[in-house]
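Asker: Shown below is the structure under consideration.
The values are calculated or read from the model by the stated rules, or taken from the named source; none is laboratory data. The shown structure was predicted, so the numbers you read here are calculated from the model rather than taken from an experiment. All Cβ positions, even for glycine, are placed from backbone atoms using ideal geometry, and neighbour counts span all protein chains on display.
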Amino acid sequence: MKQSTFDRQDSVTLDLDHLRAQFPMLQRRMRGKRFAYLDNGATSLKPESVIAAEQHYYTELSANIHRGVYEFSEQATVEYDQTREKVARFIGAESDGSIVFTKGTTEAINVVAYGFVRKFFGPGDELVTTEIEHHANLVPWQEACKATGATLRFIPVNPDGSLQLDALEDVITERTKLVAVTAMSNVTGYMPDLARIIAAARAREAVVLVDGAQYVSHHPVNVRSLDCDFLVFSGHKMCGPTGVGVLYAKNEVLEQMDPLIYGGDMVTKVRRDEATYKPIPDRFEGGTPNIAGVIALGAAVDFLSQVGMQAIAAHERDLLAYMVERAREVDELVTYGPDDLSSRGGIFSFNYADVHPHDAGALLDQEGVAVRTGFHCAQPLMQVFGVTGTVRASFYLYNSTEDIDALVNGLARIKGVFG
Ligand SMILES: Cc1ncc(COP(=O)(O)O)c(C=O)c1O
């Protein structure tokens, strides 16, 4: 191992001790060691305020929404709808009406694939995406294109996993009706120049869906300045509960779409042979939703807003820089993603010598370090890299340089086992 020259200070903007104390999982030990949680790309840990909000619903309300005329049902409805307002403000949406609750990013993308693509696309139409997408932002489009006869096209990718944006004008044409792209790769942390992609789509009057699953939880977002038509993200990656996510859609786009789920709670009038539907967004939330999850998502938005999204992004930039610096000490480390760190969020993917990623992950587990190993639901990108999988360390607001040190020290142990 070579010496690191990195200044080991954590970001001055976050009070890490105070933050970490709010996460019960960070008080645990794993395999008897200090718990270094570096799998935030998969899901984030939850602060006490979010856990308390979920518990508050079950212990103090526990009623269905939009139906009851009694106090607890009314209160549950108020708190559910408050989260919609909070989420709208959090991402700068024009109105609460453009926020649809789903069970996650995957479902949100499927709502668009069914309610927009399958409704409006036909043979000759084109849908543009990329090879760096999570399967959630690819497979629904494959199926929708098969069903409609539309063609799926790809913005070419460079060997480092960045996109060839010079090719935008060739790929996005007058036939393009939708461009679906990630705001941040879950494998490399690469953040494409969305403004440029959206401008190219606008020039062809195509609609744009941004997969914000990895981005929204780590950076400030304003959908109006971004000018995307759809933004999708998951609560569980942003300190919120599992089973709840968000589809943001511009009102005028959402108005034209068909719901994915039909049934109770999304109708105004039902007769034997037909029904009429509620206005947006309720029309897209058929059935009893994840009420506790939505209320707890509101607590997660409050928590993140209090910490400050700028501060979180800056902290993770520091952690990535520290990770890259320390990685230089490790011989035989192969890393993935663009060298330009300004185009990357807090994700670091690598392979160590010829150690299988799962073996590396299993040995890191013994050191108390939790990482993700495998193809990260992004097999086309693995093909670009010519590997079957990688080890991924992904950072969040509560991570410190100590977590990265534990990872690097763990790699030294791996060398001891396999070297
Ligand atoms: C970039 C990206 N898109 C979509 C998803 C799918 O999110 P979910 O499983 O919460 O639906 C993920 C999950 O890891 C992701 O990283």
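Asker: Condition (residue is more than 24 Å from the chain's Cα centre (by Cα), away from the ligand (no atom under 16 Å from the Cβ) and surrounded by 17 or more Cβ atoms within 10 Å (Cβ to Cβ)) applied to the range 368-388: is it met by at least one residue?
Answerer: yes
Asker: For residues that are of a type in the set (Ser, Thr, Tyr) and assigned to a loop (DSSP other than H, G, I, E, B), tally how many sit in the range 47-65. Reasoning before the result, please.
Answerer: Quick first cut of the range 47-65, residues of a type in the set (Ser, Thr, Tyr) only: 49, 57-59, 62.
Keeping just the survivors that are assigned to a loop (DSSP other than H, G, I, E, B) gives 62.
Number of matching residues: 1.
Asker: For residue 104, state whether it is within 16 Å of the ligand (Cβ to nearest atom) and under 30 Å from residue 56 (Cα atoms).
Answerer: In short, yes.
Asker: What number of residues within the range 338-387 satisfy the criterion of being without any contact (Cβ under 8 Å) to a residue 40 or more places away in the chain, closer than 29 Å to residue 314 by Cβ and assigned to a strand (DSSP E or B)?
Answerer: Residues meeting the conditions: 1.
Asker: Can I ask one more? Taking the range 188-221 only, how many residues are within 15 Å of the ligand (Cβ to nearest atom), in a loop (DSSP other than H, G, I, E, B) and either in contact with a Lys or Arg (Cβ under 7 Å, 6 or more places away or on another chain) or among the polar types (S, T, N, Q) (or both)?
Answerer: Residues meeting the conditions: 6.
Asker: Scan the range 204-217 and give yes if some residue there is over 23 Å from residue 37 (Cα atoms) and out of contact with any strand residue (DSSP E or B) (no Cβ under 8 Å at 6 or more places or on another chain), otherwise no.
Answerer: Yes, there is a match, as at least one residue in the range 204-217 is over 23 Å from residue 37 (Cα atoms) and out of contact with any strand residue (DSSP E or B) (no Cβ under 8 Å at 6 or more places or on another chain).
Asker: Test each condition in (1) away from the ligand (no atom under 16 Å from the Cβ); (2) not in a loop (DSSP other than H, G, I, E, B) for residue 93 and report the one that comes out false.
Answerer: It fails just one condition, (2).
Asker: I'm trying to understand the selection: among the residues of the range 148-185, which are of a type outside the set (A, V, I, L, M) and touching a Cys at 6+ places or on another chain (Cβ under 7 Å)? Steps first, please.
Answerer: First pass over the range 148-185, keeping only residues of a type outside the set (A, V, I, L, M): 148-149, 151, 153-154, 156, 158-162, 164, 166, 169-170, 173-177, 182, 185.
Once the filter is applied, which keeps residues that are of a type outside the set (A, V, I, L, M) and touching a Cys at 6+ places or on another chain (Cβ under 7 Å), the range 148-185 yields only 151.
Asker: Could you tell me whether residue 49 is over 16 Å from residue 300 (Cβ atoms), more than 16 Å from the ligand (Cβ to nearest atom) and at pLDDT 95 or above?
Answerer: no
Asker: So, in the range 388-419, exactly how many residues are touching a residue at least 60 places away in the same chain (Cβ under 8 Å), within 27 Å of residue 239 (Cα to Cα) and assigned to a loop (DSSP other than H, G, I, E, B)?
Answerer: 6
Asker: In addition: When you check residue 109 against the structure, is it within 13 Å of the ligand (Cβ to nearest atom), modelled with pLDDT of 95 or more and part of a loop (DSSP other than H, G, I, E, B), yes or no? Even if it seems obvious, please write down each step before you answer.
Answerer: On the way: within 13 Å of the ligand (Cβ to nearest atom): yes; modelled with pLDDT of 95 or more: yes; part of a loop (DSSP other than H, G, I, E, B): no.
Considered against the rule, which asks whether it is within 13 Å of the ligand (Cβ to nearest atom), modelled with pLDDT of 95 or more and part of a loop (DSSP other than H, G, I, E, B), residue 109 comes out as no.
Asker: A further question on this structure: Which of the residues spanning the range 222-259 are assigned to a loop (DSSP other than H, G, I, E, B) and more than 14 Å from the ligand (Cβ to nearest atom)? If you could, list the steps in order and put the result at the bottom.
Answerer: Filtering the range 222-259 down to residues assigned to a loop (DSSP other than H, G, I, E, B) leaves 222, 227-229, 238-244, 250, 257-259.
The answer is 222, 227, 228, 229, 250, 257, 258, 259.
Asker: Continuing with the same structure: When the range 291-334 is examined, which residues are found to be within 20 Å of residue 348 (Cα to Cα), in contact with a Ser or Thr (Cβ under 9 Å, 6 or more places away or on another chain) and part of a loop (DSSP other than H, G, I, E, B)?
Answerer: If the condition is that a residue be within 20 Å of residue 348 (Cα to Cα), in contact with a Ser or Thr (Cβ under 9 Å, 6 or more places away or on another chain) and part of a loop (DSSP other than H, G, I, E, B), then 328, 329 are the ones that fit.
Asker: Just checking, how many residues over the range 288-338 are touching a helix residue (DSSP H, G or I) at 6+ places or on another chain (Cβ under 9 Å), surrounded by fewer than 21 Cβ atoms within 10 Å (Cβ to Cβ) and basic (Lys, Arg)?
Answerer: 1
Asker: A further question on this structure: I'd like the full set of residues that are within 21 Å of residue 373 (Cα to Cα) and assigned to a loop (DSSP other than H, G, I, E, B), limited to the range 15-46.
Answerer: Correct list: 31, 35, 38, 40, 41, 42, 43, 44, 45.
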